[in-house]
Amino acid sequence: MAVLDARPSRATGRVVGSWRAAWLRVEAHWTWYRRYWRSSLYSSGLQPVFFLAAMGIGFGSQVEPGPATGGLSYVHYVAPALLVAGAVQNAVGEASWPVLSGFKWQKDYLAVTATPVTPGQVLGGQLIWVALRLLIAGAVYALIAVLFAAWLNAGALLVVPVGVLTGVACAAPVMAIAATSFDEGQRFTAMFRFVVMPMVLFAGTFFPIEQIPVAVRWLAWISPLWHGTELARGVTLGGLDLLPALGHLAFLLAVFGASTAAARHYFYRRLVV
């Protein structure tokens, strides 16, 4: 007769560190993306380029250099702003329905947090993935924009990280909203229609906000896109002093930090039973 071993069994797995767990989520996203990247090529990389061609060269050919553009051609004026605006749109898109799907439809967040991976690490992995997507899309845009002679100097290399920072500063609050959403995502449709698109149109992307009535100009001042656009133009076109640049950077970091803390709270509240 076999003798049963009464010794307690040992788990053969091991708990990974916080950063490693977050990067495992990034690896999962990358596994999917390298197979289906063509489906997102237009929205993530080519759409801002088409805007640059249409607004910077098409419409821009009718805009004479003047005080509004800092004496520069319109393509030089609008190129850095379009990179940042594209980053914001891509970031909000990645932080809305895909995150809600992790909770509601595919429910992969529930499966992942059934392992030692925590909701905070899931959030961290999602934010890292969004940042990587924005980095790739920004690099593609920056390279193609060279063909349009859209950059004046090597400061264009700093426009990409500015776009990434602005994008994740917008993605974090949207992730917090997604973690509190139990509908079919109708609020995201309203968000794109009444927040994102007006922000792109009226937060300094195509013209200086000084042309907006003073009574509503504060709406541009509180938008992350305006701060990111000012930084992007400053690093490639010049004209931005140190203190204003630090102020724009501090605003973006504050929005990102506060929103990430809120998103982490709501991720835990929804995923920890």
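When region 135-155 is filtered for residues that are free of Cβ contacts under 8 Å to residues at least 24 places away in the same chain and either of a type in the set (Lys, Arg) or more than 29 Å from TRP30 (Cβ to Cβ) (or both), only ALA154 remains.
Given the criteria aliphatic (A, V, I, L, M), out of contact with any strand residue (DSSP E or B) (no Cβ under 8 Å at 6 or more places or on another chain) and in contact (Cβ under 8 Å) with a residue 40 or more places away in the chain, does VAL196 qualify?
yes
All of GLY138, GLY124, GLY120 fail the test of being in contact with a Lys or Arg (Cβ under 7 Å, 6 or more places away or on another chain), buried (at least 18 other Cβ atoms within 10 Å of the Cβ) and at pLDDT 90 or above, apart from GLY120. Of the helices (runs of 4 or more DSSP H) lying entirely inside region 53-141, none contains at least 3 residues that are among the basic types (Lys, Arg), farther than 19 Å from THR229 by Cα and under 11 Å from the mean Cα position of the chain (by Cα). You will find that of LEU132, LEU110, the residue that is closer than 14 Å to GLU27 by Cβ and either among the hydroxyl-bearing types (Ser, Thr, Tyr) or surrounded by fewer than 18 Cβ atoms within 10 Å (Cβ to Cβ) (or both) is LEU132 and no other.
Of the helices (runs of 4 or more DSSP H) lying entirely inside region 176-273, the ones with 1 or more residues being within 29 Å of ALA149 (Cβ to Cβ) are found at 197-202, 214-221, 224-237, 242-271. Taking every residue in region 167-178 that is modelled with pLDDT under 95 and pairing it with any residue that is surrounded by fewer than 24 Cβ atoms within 10 Å (Cβ to Cβ), at least 6 positions away or on another chain, yields no pair with a Cβ-Cβ distance below 9 Å.
Take the residues of region 214-240 that are loosely packed, with under 15 Cβ neighbours inside 10 Å and either basic (Lys, Arg) or modelled with pLDDT of 90 or more (or both): which is farthest from VAL78 (Cα to Cα)?
If we take residues in region 214-240 being loosely packed, with under 15 Cβ neighbours inside 10 Å and either basic (Lys, Arg) or modelled with pLDDT of 90 or more (or both), then ALA215 is farthest from VAL78 (Cα to Cα).
Of the residues in region 1-58, how many are at pLDDT 75 or above and basic (Lys, Arg)? Selection size over region 1-58: 4. Kindly establish whether GLU230 is more than 30 Å from PRO119 (Cα to Cα) and in contact with a His (Cβ under 7 Å, 6 or more places away or on another chain). Here the answer is yes, as GLU230 does meet what is asked. Only residues that are surrounded by fewer than 19 Cβ atoms within 10 Å (Cβ to Cβ) and either of a type in the set (D, E, K, R) or in contact with a Lys or Arg (Cβ under 6 Å, 6 or more places away or on another chain) (or both) were counted in region 159-189, giving 3. Across region 149-158, which residue is modelled with the highest pLDDT among those that are buried (at least 16 other Cβ atoms within 10 Å of the Cβ) and in a loop (DSSP other than H, G, I, E, B)? Step by step, filter region 149-158, then rank; the result is TRP151.
The values are calculated or read from the model by the stated rules, or taken from the named source; none is laboratory data. Since we're looking at a predicted model, the values are computed, not measured. Ideal geometry is used to build each Cβ from the backbone, glycine not excepted, and the neighbour counts take in all protein chains shown.
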